[in-house]
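A quick write-up on the structure given underneath.
The values are calculated or read from the model by the stated rules, or taken from the named source; none is laboratory data. Bear in mind that the values here come from a model prediction, so they are computed numbers and not experimental data. Counting neighbours? That spans all protein chains shown, and the Cβs are built from the backbone with ideal geometry, glycine included. The protein model used for the area step is the full one, side chains on, heavy atoms only, and it has no ligands, DNA or RNA in it. Shrake-Rupley method; radii C 1.70, N 1.55, O 1.52, S 1.80 Å.
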Amino acid sequence: MPALERVEKSVRPAVLQAISSIQERYFEPITLAELASEVFVSRFHFSRMFADATGVTPGRFLTAVRLFEAKRLLLTTSLNVSDIVCSVGYSSVGTFTSRFSRAVGMTPTQYREPQVAELLVAISPTFQRLPPLRTLRAAGRSCASLQNGTGVLSMQLDMPRGSAPADTLVGLFADTVPQCGPVAFGGMANMSSGELTIHGVPAGRWTAIAVAQHQPGAAGPRFSIGYSGVTVAPHGPSTARMGLRAPAPTDAPIAITLASKQSPFTQRMLAAQRPHLRAAA
């Protein structure tokens, strides 16, 4: 039995039904009580059951779906922000802009710059994207979320059975469902199961997320992911192990960019505005 099918069979049908409802109605004002009533369980039992299956609460899963769709619309359409706000279930442009900026680290307008899409890593059951590792290494070092650290993390990655070698990226995040870039990352081309080492990691407890895009031709998945909590010491090597698998319906969608908050385009625009700002002052 394929790994994804085993995952789906191990999840209660009520959770899969609730996830399907969230994906179909994320633009509506869905409440926890409504989701629980749809699957005929109490709110308390539903919240616990949902968190056990997905790792997050129903509310956080809904927010992840809404922000994923907002990012998709910002990058792939010419809709103005107010139209996008209505399309993803928010009623106030100001509230959406504030929450988006706080979570993502840039405004919706900044998110539309070409560099954001170029350096976008996306994970969802229906859409996956990993830019070329060379591009990520070259431009991602200016990502505003990166932190200076002295730790070294050696991550043993176990690829899915039967999978081909893969271009693999591992990022360390402060959140289990990140909306902005990693505090540290590393990658390896044409990687099979083995060790990937990340240098300059800040000490602390992080969520490691691995994304692997496999070469075509093998019986295994074309794209696989992995999640693991890791603890990194301030000095010296730290180790961890992670198994990768195909994306599953219970994975909250993630879209993060390694672009800096101010791309060269934004910096040029701000530089052009400074004389006017000084004159106005």
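Is it the case, given these coordinates, that Phe40 is surrounded by fewer than 20 Cβ atoms within 10 Å (Cβ to Cβ) and without any contact (Cβ under 8 Å) to a residue 12 or more places away in the chain?
It is false that Phe40 is surrounded by fewer than 20 Cβ atoms within 10 Å (Cβ to Cβ) and without any contact (Cβ under 8 Å) to a residue 12 or more places away in the chain.
For every residue, the table says whether it meets (1) under 19 Å from Phe223 (Cα atoms); (2) β-branched (Val, Ile, Thr); (3) within 13 Å of the chain's Cα centre (by Cα).
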residue: Leu146; (1), (2), (3): no, no, no
residue: Gln156; (1), (2), (3): yes, no, no
residue: Asp167; (1), (2), (3): yes, no, no
residue: Phe173; (1), (2), (3): no, no, yes
residue: Gly181; (1), (2), (3): no, no, yes
residue: Gly187; (1), (2), (3): yes, no, no
residue: Ser192; (1), (2), (3): yes, no, no
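Only residues that are in a loop (DSSP other than H, G, I, E, B) and over 19 Å from Ser238 (Cβ atoms): list them for the stretch 146-175, please. Give the steps one after another, and end with the answer.
To start, the set of residues in the stretch 146-175 that are in a loop (DSSP other than H, G, I, E, B) comprises 146-150, 159-165, 174-175.
Residues satisfying the conditions are Met159, Pro160, Arg161, Gly162, Ser163, Ala164, Pro165, Asp175.
Does Leu35 meet the test of being open to solvent by less than 20 Å² (accessible area, probe 1.4 Å), at negative phi and hydrophobic (A, V, I, L, M, F, W, C)?
Yes, satisfied.
For the list (1) surrounded by fewer than 19 Cβ atoms within 10 Å (Cβ to Cβ); (2) assigned to a helix (DSSP H, G or I); (3) not β-branched (Val, Ile, Thr), I need the number of the one condition that Phe27 fails.
(2)
Val85 - would you say it is of a type in the set (Val, Ile, Thr), under 15 Å from Pro29 (Cα atoms) and either buried (at least 20 other Cβ atoms within 10 Å of the Cβ) or in contact with a Gly (Cβ under 7 Å, 6 or more places away or on another chain) (or both)? Reasoning before the result, please.
Numbers: of a type in the set (Val, Ile, Thr): yes; under 15 Å from Pro29 (Cα atoms): yes; either buried (at least 20 other Cβ atoms within 10 Å of the Cβ) or in contact with a Gly (Cβ under 7 Å, 6 or more places away or on another chain) (or both): yes.
Spelling it out, Val85 is indeed of a type in the set (Val, Ile, Thr), under 15 Å from Pro29 (Cα atoms) and either buried (at least 20 other Cβ atoms within 10 Å of the Cβ) or in contact with a Gly (Cβ under 7 Å, 6 or more places away or on another chain) (or both).
Checking the structure you have, find out if any residue of the stretch 65-76 is under 25 Å from Gly187 (Cβ atoms), in contact with a Gly (Cβ under 8 Å, 6 or more places away or on another chain) and open to solvent by less than 40 Å² (accessible area, probe 1.4 Å).
For the stretch 65-76, residues under 25 Å from Gly187 (Cβ atoms), in contact with a Gly (Cβ under 8 Å, 6 or more places away or on another chain) and open to solvent by less than 40 Å² (accessible area, probe 1.4 Å): absent.
Counting just the residues of the stretch 135-145 that are open to solvent by less than 50 Å² (accessible area, probe 1.4 Å) and outside any helix (DSSP H, G or I), which one comes out farthest from Pro202 (Cα to Cα)?
Filtering the stretch 135-145 for residues that are open to solvent by less than 50 Å² (accessible area, probe 1.4 Å) and outside any helix (DSSP H, G or I), the one farthest from Pro202 (Cα to Cα) comes out as Cys143.
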